[in-house]
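Student: Pasting a structure here, questions to come.
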C-alpha cells in the first residue's frame with residue numbers, strides 16, 4: 001500500500017552534521033499517501049479509533065458510534081511539486097455498506113470532513129480514493 | 001441563535017408534547033439544559049413533557065428508557081445561516097428508533113443520533129444511551145407541574161384530596177428519560193371506591209382523587225415493570 005516515507009534529518013544545528021553547500025543534497029524519498037484523521041472523540045467507554053501506522057491502516061468503532069474524520073493526501077501534483085491535492089475527487093467505497101456508512105459533514109470552513117457511522121457489527125474494508133491514490137482501511141465494528 | 005423547533009408538531013402529534021412550549025423564552029426558562037453536538041453546530045434539548053426529574057435536571061445526559069419516547073428540539077447555530085430542514089437518523093436502529101423529531105428506545109445499548117441536512121450532510125451528531133427500566137417511582141407534582149417529591153410505598157390521604165402525579169423509570173441509580181404509557185389497577189382493601197385515578201389532559205400526568213374513607217392498593221405498570229403503593233383515605 002502507498003504510504004508516506006519522508007526521511008528528514010534534523011538539522012537544527014550546523015555542527016550536528018548538516019551538509020555544507022558543497023556536499024550533495026540529502027536524499028528525500030516520497031510516496032503518495034491518502035489518510036483519514038479523526039477529529040472527534042468517541043463517547044465514553046466506547047471505541048472510535050483510526051490507526052495510521054506504516055503497516056496498519058485500520059478503523060475500529062463500537063457499534064452505533066459515529067466519528068468525524070478529515071481527509072489528508074500527499075502526492076506529486078500536476079506541476080511536479082509534491083504536496084496535497086486537498087483530497088481532490090474524493091470518493092469512499094465500502095465493501096459492506098450496512099456495516100459502515102460515510103456522510104459528508106456540514107462544517108463551514110472545514111472541507112474534506114466526513115462522518116463515519118458504524119451501523120452493523122463485523123469486518124469490512126473502506127476504500128478512500130483521491131487524485132493522489134487509493135488507501136484501503138480495514139474496518140472493524142465491534 | 002437560530003432556533004429550529006422541529007420537535008413541537010411531531011411531539012404533539014403522538015401525544016408527547018406535554019411540556020413543550022411555543023414560547024421559546026418560556027421553554028428556556030424552565031426547560032432542560034441542552035446537549036451540544038460533536039461539531040458545535042447544534043444543541044439538542046429534550047421535550048420533557050411531564051417535567052420528569054431526569055429530563056429537567058440532566059437534559060439528554062441520561063439514558064432513554066427502553067420502550068419510551070422522547071421529543072427533541074434542535075437549536076441550530078451556524079453563523080450566517082438560518083437552519084435548513086433537518087432530519088434525525090440513528091446509527092443503530094436496533095437501539096434508537098426515529099419518528100420525525102421523536103426518538104424511541106428500541107433496545108439497550110448506545111447509538112449516535114445524526115442531525116442531517118436535506119442533502120444528507122451531517123450537521124451534527126450526539127450519542128444517546130438506552131437502558132431498560134428496573135424500577136418505577138410515583139412522583140407527586142404541584143398543579144403547575146413542579147415536583148413535590150416521590151410517593152412513599154404507603155401513604156394517607158383525606159377525603160377530597162386530589163393529587164397530580166407522574167411515573168418515573170429508573171435503572172439502578174439513574175432516572176431514565178422518555179415518556180411512556182402507564183396503567184393503574186386499583187384493588188380495594190377496605191371501603192367501596194376510596195380512590196379514583198384518571199389520566200390528566202397532559203400526557204404523562206395522572207390525577208388521583210380520594211373520594212371516601214377506605215384503603216386501596218394501587219398497582220401501576222409501565223415499561224414491563226410494576227410498582228405498588230397502598231393508600232389509606234381518612235374521613
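Student: Does residue B:200 fit the bill of being under 30 Å from residue B:70 (Cβ atoms) and touching a strand residue (DSSP E or B) at 6+ places or on another chain (Cβ under 6 Å)?
Tutor: Yes.
Student: Also: May I ask you to verify whether residue B:49 is crowded, with 21+ Cβ neighbours inside 10 Å, modelled with pLDDT of 90 or more and more than 10 Å from every other protein chain (Cβ to nearest Cβ)?
Tutor: So residue B:49 fails the test.
Student: Restricting segment B:141-186 to residues that are part of a strand (DSSP E or B) and in contact with a helix residue (DSSP H, G or I) (Cβ under 8 Å, 6 or more places away or on another chain), which is surrounded by the most Cβ atoms within 10 Å (Cβ to Cβ)?
Tutor: Looking at residues that are part of a strand (DSSP E or B) and in contact with a helix residue (DSSP H, G or I) (Cβ under 8 Å, 6 or more places away or on another chain), I get B:177.
Student: (1) more than 9 Å from chain A (Cβ to nearest Cβ); (2) in a strand (DSSP E or B); (3) under 24 Å from residue B:223 (Cα atoms): which one isn't true of residue B:74, the others all being true?
Tutor: Among (1) more than 9 Å from chain A (Cβ to nearest Cβ); (2) in a strand (DSSP E or B); (3) under 24 Å from residue B:223 (Cα atoms), residue B:74 violates only (3).
Student: To continue, here is another question. Test residue B:116 against the stated conditions and say whether it is modelled with pLDDT under 95 and within 14 Å of chain A (Cβ to nearest Cβ).
Tutor: Spelling it out, residue B:116 is indeed modelled with pLDDT under 95 and within 14 Å of chain A (Cβ to nearest Cβ).
Student: Any idea how many residues of segment B:91-113 are more than 20 Å from residue A:48 (Cα to Cα) and at the interface with chain A (Cβ under 7 Å from one of its Cβ atoms)?
Tutor: Residues flagged as more than 20 Å from residue A:48 (Cα to Cα) and at the interface with chain A (Cβ under 7 Å from one of its Cβ atoms) within segment B:91-113 amount to 0.
Student: Which one of the conditions (1) in contact (Cβ under 8 Å) with a residue 24 or more places away in the chain; (2) more than 14 Å from every other protein chain (Cβ to nearest Cβ); (3) not in a loop (DSSP other than H, G, I, E, B) does residue A:92 fail to meet, given that it meets all the rest?
Tutor: It is condition (2) that residue A:92 fails.
Student: Given the options B:80, B:107, name the one that is on the phi > 0 side of the Ramachandran plot and surrounded by fewer than 24 Cβ atoms within 10 Å (Cβ to Cβ).
Tutor: The match here is B:80.
Student: Going through B:229, B:197 one at a time, which residue ends up being touching a residue at least 60 places away in the same chain (Cβ under 8 Å) and in a strand (DSSP E or B)?
Tutor: B:229
The values are calculated or read from the model by the stated rules, or taken from the named source; none is laboratory data. Remember, predicted model here, so these are calculated numbers, not experimental data. Cβ coordinates were reconstructed from backbone atoms using ideal geometry, including for glycine residues, and neighbour counts include every protein chain displayed.
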